[in-house]
1. State which residue is nearest to Ser237 (Cα to Cα) when the search covers only region 91-109 and only residues that are open to solvent by less than 60 Å² (accessible area, probe 1.4 Å) and not hydrophobic (A, V, I, L, M, F, W, C).
2. What are the residue pairs meeting all of these: first residue in region 167-191, first residue at pLDDT 95 or above, second residue of a type in the set (Lys, Arg) and within 15 Å of the ligand (Cβ to nearest atom), Cβ atoms under 7 Å, and 6 or more apart or on different chains?
3. Tally the residues that are under 17 Å from the mean Cα position of the chain (by Cα) and either open to solvent by less than 30 Å² (accessible area, probe 1.4 Å) or within 12 Å of the ligand (Cβ to nearest atom) (or both), restricting the search to region 124-142.
4. Restricting to region 253-267, and then to whatever is outside any loop (DSSP other than H, G, I, E, B) and within 16 Å of the ligand (Cβ to nearest atom), can you tell me which residue is farthest from the chain's Cα centre (by Cα)?
5. So which residues in region 117-158 are more than 22 Å from Gly36 (Cβ to Cβ), among the β-branched types (Val, Ile, Thr) and part of a helix (DSSP H, G or I)?
6. Quick check: anything in region 65-73 at pLDDT below 95 and either in contact with a strand residue (DSSP E or B) (Cβ under 9 Å, 6 or more places away or on another chain) or within 16 Å of the ligand (Cβ to nearest atom) (or both)?
7. Given the criteria of a type outside the set (Val, Ile, Thr), within 11 Å of the ligand (Cβ to nearest atom), in contact (Cβ under 8 Å) with a residue 12 or more places away in the chain and open to solvent by less than 40 Å² (accessible area, probe 1.4 Å), does Ser235 qualify?
8. Answer yes or no: is there a residue in region 147-161 that is of a type outside the set (Asp, Glu), open to solvent by less than 30 Å² (accessible area, probe 1.4 Å), at pLDDT 95 or above and more than 16 Å from the ligand (Cβ to nearest atom).
Amino acid sequence: MRPSNRLDRLPPYLFAELERKISEKRAAGVDVISLGIGDPDTPTPAPVVEALCEAAADPATHRYPSNRGRPELREAFARFYDRRFGVALDPDTEVIPALGAKECVFNMNLAFLDAGDVALAADPGYPVYTGGPLIAGGEPVVMPLRPELDFAPDLDAIPAGDAERARLLYLNYPNNPTGAVVRKGLFERTVEFGRENDVLVVHDASYTETTFDGYVAPSFLETPGAKEVGVEIFSLSKGWNMTGWRAAAIVGNPRAVEAYWRLKTNIDSGMFEAVQLAAIAALDAGPPREMKAIYERRRDLVCDALREIGVDVTPPRGTIYVWAPVPDGHTSASYCELVLEESGVVVSPGAAYGPNGEGYFRISLTVSDERLSEAVERLRGSLTP
Ligand SMILES: Cc1ncc(COP(=O)(O)O)c(C=O)c1O
C-alpha cells in the first residue's frame, strides 16, 4: 500500500509530541486539564435541539438532501445577514450551505487552485489555510500577522510575484489564534488588493458572534465592493455551540459560490435535512446571548492569572482564545511541555498555527468555569517565578 504523494506535502503534526505526553501523564494518573482545543463546552440551545428532534422524526428528512440546501435555509442565512450585518444576499445565487467552515475552506482550494497557484494565508492561522492549498496542489504563501499591526497582514509587503500567482487570500476576524479583531481599513485595503490582483478573498467569519466588551464584529461583506471580489464563510459552530452539527454556509460573490457548489456536487451529498431545519431555528433565534458573558468572565480569569505569573497578555475582544507570549528562553513547544509537566494543564504551542506563531501559546476558554479556575490555580502555583 502506498498513500499518495499529496500526503507527504503536509507539514509534521506539531501536536503529536504533546499528545504523546498527555497520554503518558494520564496513564500515570495525572488529572490533565486540556485548554488546547476550541470546542464549546456549553450545550447547543434547547430550541435548536428540539427543532432537530422534531425534524428527524419526519421521514421526509431522511433522504438525500440537495447540495444547494433547502430554499428556507438559504433564506434564513440571508435574513440573518440582513438583520445582523445589514448585508443583502440573494438566497438563490449567493448562499450555499457547507458542512462546517472547515469543509468549506478546504474545498475552496480544490475549486480555485491549479498547480503552481498561490493561496495567501494569514500566519499564524487556522491550519487548513495552508494544508488545504498543499493538498490541492497549490502553494500556500504566508502573510505574517504581527502585534505591531494589530495582527493584520501587510498586503503591501506581499512580493509582486506571489501576488501575481495568487488566486485566493484567506482572512479571519475575529482571529484564531490571536484573538485580534479586524484593524481599521484592512477590509477596504483587501477589496482593493483583490481587484488589483484578481484574487478571490475568502473571509472566515467563524468567530463574529463571540466578541466581548461590547465589540460587535463586522462581516467582510459590509465593505463596499467586497461582494465583487470575495466570499465569507459563516459557521454556527462557535457562536451557537454547534461544533458537532457541521452547519455553515458560504455567502457572497455568486460566481465563487457557484464554483464551490459545482465542486461539492462531486464530493458530498449535502447537509442532513433535519440539521438544516434546526439551523434555520438557530439563525432565526440568533446566537445564545449568555455566551459572551461566560467567555468574557473566563477570559478575565485567565488574563488576570497570566499577568500574576508575569505573562504580558492583551485580553482579546473576540474568539474563544487567549494568545500570550512565552517567557524568554523558551520555544512555544518547550513552554507548553513545561506547563504540562509542572501543572498538568495543556495549552497549545503557537508554532502549531504557523511559523509566525512561534513565541506564543494559546489558551482555549472552552472548559467549565470550575475546571478553568482549577487550571488557573495550578498555573499560579507551579509557574509563579
Ligand atoms: C478560524 C476557524 N475556521 C474554521 C474552523 C472550523 O469551523 P467549523 O466547525 O465550522 O468547521 C475553526 C475551528 O476551530 C476555526 O478556528
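1. Gly100
2. Pro177/Arg362
3. 9
4. Of the residues in region 253-267, the ones outside any loop (DSSP other than H, G, I, E, B) are 254-264.
Keeping just the survivors that are within 16 Å of the ligand (Cβ to nearest atom) gives 260, 264.
Numbers: Tyr260: 19, Lys264: 21 Å.
This residue is Lys264.
5. Ile135, the sole residue that qualifies.
6. Scanning region 65-73 turns up at least one residue that is at pLDDT below 95 and either in contact with a strand residue (DSSP E or B) (Cβ under 9 Å, 6 or more places away or on another chain) or within 16 Å of the ligand (Cβ to nearest atom) (or both).
7. Judged against the criteria, Ser235 is a match.
8. Scanning region 147-161 turns up at least one residue that is of a type outside the set (Asp, Glu), open to solvent by less than 30 Å² (accessible area, probe 1.4 Å), at pLDDT 95 or above and more than 16 Å from the ligand (Cβ to nearest atom).
The values are calculated or read from the model by the stated rules, or taken from the named source; none is laboratory data. Note that the structure is a prediction, hence the values are computed from the model and not measured. For neighbour counting, all protein chains shown are included, and Cβ atoms are generated from backbone atoms with ideal geometry for every residue, glycine included. Calculation scope for accessible area: heavy atoms of the full protein, side chains included, ligands and nucleic acids excluded. Shrake-Rupley method; radii C 1.70, N 1.55, O 1.52, S 1.80 Å.
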